[in-house]
Amino acid sequence: MMRRLFLLALLLWAGLALARPVTVLTVQGAIGPASADYLIRGFKHAEQDGAQLVVIKLDTPGGLDTSMRAIIQAILASPVPVATFVYPQGARAASAGTYILYASHIAAMAPATNLGAATPVAIGVGGPQPGEDKPSAAEKKDDKAKNQNDGKNGADQPPAVLPPGDALTRKQVHDATAYIRSLAELRGRNAEWAERAVREAVSLTAEQALKEKVIDLIAEDVADLLAKLDGRTLKTARGEVKLATRGVSPTALEPDWRSRLLGVIGDPSIAYILMLIGIYGLIYEFANPGFGVPGVIGAISLLLALFALNMLPVSYAGLALILLGIAFMVAEVFVPSFGILGLGGLIAFVVGSVMLIDTDIPGYGLPWGLIAAVTATTAGFLFLVVGMVLQSRRRPAATGSEEMVGAEARVISDCETEGWAHVHGETWRIRCPRPLKAGQRVRIKRVDGLTLEVEPM
């Protein structure tokens, strides 16, 4: 009996050892270039390791459309099935997270989580605002026909709401709606609710999502998820895959240095600070050639900032205003404009900073506190430099021929009209209106080339 139990345990251990691994990826926070790079590289790593399943632990308020679509394209093309798991309890898969959940082979949620609110955030909710274009007759007709078709198909949901705003706004809503419906139809999930999530920004709890057939299952944790997925057959880009996940210990894949670097510099606030460090460093280097350190730090910071801004939704008008503002403030130091250039530069700098990141997505805007702090620091530095320049202009000359005028000199030898005198330890030729005696002290009136015109004190 003991021998049979030992053999059974040995066979069970061997089966678990031969089971293909499960890779776990974790995404917390806004979906952006860093998270897209991390997930895409994670899919490739799982394929190379021969993993049978990739689990994405997701907790996100949304993110950038370009990054979301890159992730979804990678999921659809992945030969390894992907299970997106909204976890831990209290997490959410809002906006872009809902699209990723719909695109995954398995959509799962932990208790006390939610998903939805998939309307593009740049699009307002409500009726057309003043100054906005009203829907054209053709667009109204298309929407009416679509609503009638939905009624014929037996949809229980209310007719689709006409997107508010101008033509561009409606196109964005229609595009997002068609995109999420295509994902829902591909995975056999509730397409009507997906459309409502885009048009009406509705949300669901985990229990409601399971009831509405938006997700496939609810699990307490990753181990519970793997136990419930055991034996399922999933269709991937390269064919069907049967899962054997019961008892498998998942392998967590942490972000590498590249993903961590992208996560740091991909933050709009960090990119903004790097850009300013780069610009100010280069300005200081050009003003003081040969110092080296500001130029090197500035060049590296500016290149990193440009790389980060290239991945973010940047307003080039805002970037141009920031550069124009800095140029005006630098010009204020050299051009006597009585503060006009400096004040205009500060205004352009603030407006450009507000406009720089062209999106309302949570986590991808520049905080007002950061803009205020940077502006105050720049303004303080500007006023300090301008004040020092004004003070230096009020001071008497300390070098050059201007400094000689008014200085005292001592005559070396008797002279009638011309002679020699000591000035600041140097011997100068002097010209005088009347005879002078050796040792007499005189004051310099004017510098004429290398001759000093003097008068007795």
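The figures follow:
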{"read-out": "Test: residue in segment 346-359 that is at pLDDT below 85, out of contact with any Leu (no Cβ under 7 Å at 6 or more places or on another chain) and at negative phi", "value": "yes"}
{"read-out": "Matching option when the condition is under 16 Å from P61 (Cα atoms), touching an Asp or Glu at 6+ places or on another chain (Cβ under 8 Å) and either at pLDDT 95 or above or acidic (D, E) (or both), among V121, V86", "value": "V86"}
{"read-out": "Residue identified as outside any loop (DSSP other than H, G, I, E, B) and modelled with pLDDT under 85 among R393, R429, R434, R410", "value": "R393"}
{"read-out": "Selected residue (only one of S301, S315 is crowded, with 19+ Cβ neighbours inside 10 Å, in contact with a helix residue (DSSP H, G or I) (Cβ under 6 Å, 6 or more places away or on another chain) and not aromatic (F, W, Y))", "value": "S301"}
{"read-out": "Residue ranges of helices (runs of 4 or more DSSP H) in segment 235-333 with at least 2 members among the aromatic types (F, W, Y)", "value": "268-287"}
{"read-out": "Count of residues meeting criterion [outside any helix (DSSP H, G or I), modelled with pLDDT of 65 or more and at negative phi] in segment 156-199", "value": "2"}
{"read-out": "Close pairs (6 angstrom Cβ cut-off, 6 or more residues apart or separate chains): farther than 18 Å from M68 by Cβ and crowded, with 17+ Cβ neighbours inside 10 Å in segment 158-187, modelled with pLDDT of 95 or more and among the charged types (D, E, K, R) anywhere", "value": "none"}
{"read-out": "Failed item, numbered, when A237 is tested on (1) small (G, A, S); (2) surrounded by fewer than 16 Cβ atoms within 10 Å (Cβ to Cβ); (3) under 30 Å from V24 (Cβ atoms); (4) in the same structural domain as A372 (by TED's automatic domain parsing)", "value": "(4)"}
{"read-out": "Residues (surrounded by fewer than 19 Cβ atoms within 10 Å (Cβ to Cβ) and either at pLDDT 85 or above or not polar (S, T, N, Q) (or both)) located in segment 281-293", "value": "L282, I283, Y284, F286, A287, P289, G290, F291, G292, V293"}
{"read-out": "Count of segment 217-232 residues which are outside any loop (DSSP other than H, G, I, E, B) and either basic (K, R) or in contact with a helix residue (DSSP H, G or I) (Cβ under 8 Å, 6 or more places away or on another chain) (or both)", "value": "3"}
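The values are calculated or read from the model by the stated rules, or taken from the named source; none is laboratory data. Values in this document were obtained by computation on a predicted structure and should not be read as measured data. Every residue, glycine as well, gets a Cβ built from its backbone with ideal geometry; the counts of neighbours run over all protein chains shown.
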